[in-house]
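The structure appears right after this line, and notes come after that.
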Amino acid sequence: MSIIASNFKTNHTRKSTATFVKEVNDFLVSSKITNDVYIFPTSTSLDTFDSVSNLTMGTQNAYATVKGSFTGEIGTEQLDEFGIKTILIGHSERRHILGESQEEIAKKFVFYKELDYKIIYCIGEPLEVKEAGLEKTLEYIYEQFVGIDTNYENLILAYEPVWAIGTGVTATNEDITSVHSAIKSQIDKPLLYGGSVKVANVAEICKLEGVDGALIGTASWNVEDFKQIIENTKDL
Ligand code: 13P
């Protein structure tokens, strides 16, 4: 059964998020779809989502703290208000645009692991590393596991090659399977693929050996497309 996750990034308002979440939940209920579905809205759109029964809401980010003086960040006091127990850690946009170091990411991982959060942990290489070949790509990816307990029971991994994110350039099936099989040989955890996954290619990708689902940005922000993505993968 595929795991399908939508990362809203910096998209949707509080109002449009609530409508989106309700529509997806109603769709899952009425179609009796049992995929594991996750939605990661912006921090400002987090809520209790009381009527949501068949999907999981998570946060795209939080600081490794209960509360304190960390301007612009949120901690578990804010997440607890909404019963959020799922977090994305290590996303490439936080690594490369926001400058989060592996040390900071590992600290965040340890903090949220101790609180039993479900963690979707992202790894992936930039274009120049991919161009240096599979061995260099895997070396780069393994560096992103420094300080990370890969035996943690509530862990899902997401392989998101940086060059495929938001570019429309999906990794080839061969790119995906070679990296996924290498990671899977070391770490026995569900492993999602992310990077220009679309309605048209999600099923093919989710069928690949070693792919347990997809983490989707752009193509998931339109609710009809996201429902179609779920529909296309419901039996995989
Ligand atoms: P896109 O689907 O827009 O390429 O983004 C992937 C991603 O970064 C999901 O976390």
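Looking at the range 118-143, I want the residues that are of a type in the set (S, T, N, Q) and have a partner that is modelled with pLDDT of 95 or more and crowded, with 21+ Cβ neighbours inside 10 Å with Cβ atoms under 7 Å, at least 6 apart or on another chain. Which pairs are those? Filtered contacts from the range 118-143: T137/E125; T137/V179. When the test is whether a residue is within 16 Å of the ligand (Cβ to nearest atom) and either of a type outside the set (G, A, S) or under 15 Å from the mean Cα position of the chain (by Cα) (or both), N61 passes it. Taking every residue in the range 144-165 that is more than 12 Å from the ligand (Cβ to nearest atom) and pairing it with any residue that is open to solvent by 20 Å² or more (accessible area, probe 1.4 Å), at least 6 positions away or on another chain, the pairs with Cβ-Cβ distances below 6 Å are V146/Q102; Y152/K113; N154/K118; L155/K189; I156/P190; L157/K189. With the condition kept exactly as written, say whether any residue in the range 166-183 is more than 17 Å from the chain's Cα centre (by Cα), closer than 22 Å to K9 by Cβ and touching a residue at least 60 places away in the same chain (Cβ under 8 Å). No: zero hits. Only one entry of V146, V199 meets the criterion of being open to solvent by 30 Å² or more (accessible area, probe 1.4 Å), farther than 27 Å from F109 by Cβ and of a type in the set (A, V, I, L, M), and that entry is V199.
Taking (1) open to solvent by 50 Å² or more (accessible area, probe 1.4 Å); (2) at positive phi in turn, T44 satisfies each apart from (2).
Among residues of the range 103-137 being within 18 Å of E174 (Cα to Cα) and among the basic types (K, R), the one that is least open to solvent (accessible area, probe 1.4 Å) is K130. Of all residues in the range 185-212, exactly one satisfies the criterion of being more than 15 Å from the ligand (Cβ to nearest atom), among the hydrophobic types (A, V, I, L, M, F, W, C) and part of a helix (DSSP H, G or I), namely A203. The set of residues from the range 5-19 being exposed (fewer than 15 other Cβ atoms within 10 Å of the Cβ) and not basic (K, R) comprises T10, T13, T19. None of E77, E93, E103 is outside any loop (DSSP other than H, G, I, E, B) and in contact with a Gly (Cβ under 8 Å, 6 or more places away or on another chain) except E103.
Quick one: in the range 213-236, of everything that is assigned to a loop (DSSP other than H, G, I, E, B) and within 20 Å of K32 (Cα to Cα), which residue is nearest to the ligand (Cβ to nearest atom)? By that ranking, first place goes to T233.
The values are calculated or read from the model by the stated rules, or taken from the named source; none is laboratory data. Source: prediction; values computed, not measured. In this analysis, Cβ positions are derived from the backbone assuming ideal geometry, glycine residues included, and neighbour counts consider all displayed protein chains. Keep in mind that these areas ignore ligands, DNA and RNA; they rest on the heavy atoms of the full protein, side chains included. Shrake-Rupley method; radii C 1.70, N 1.55, O 1.52, S 1.80 Å.
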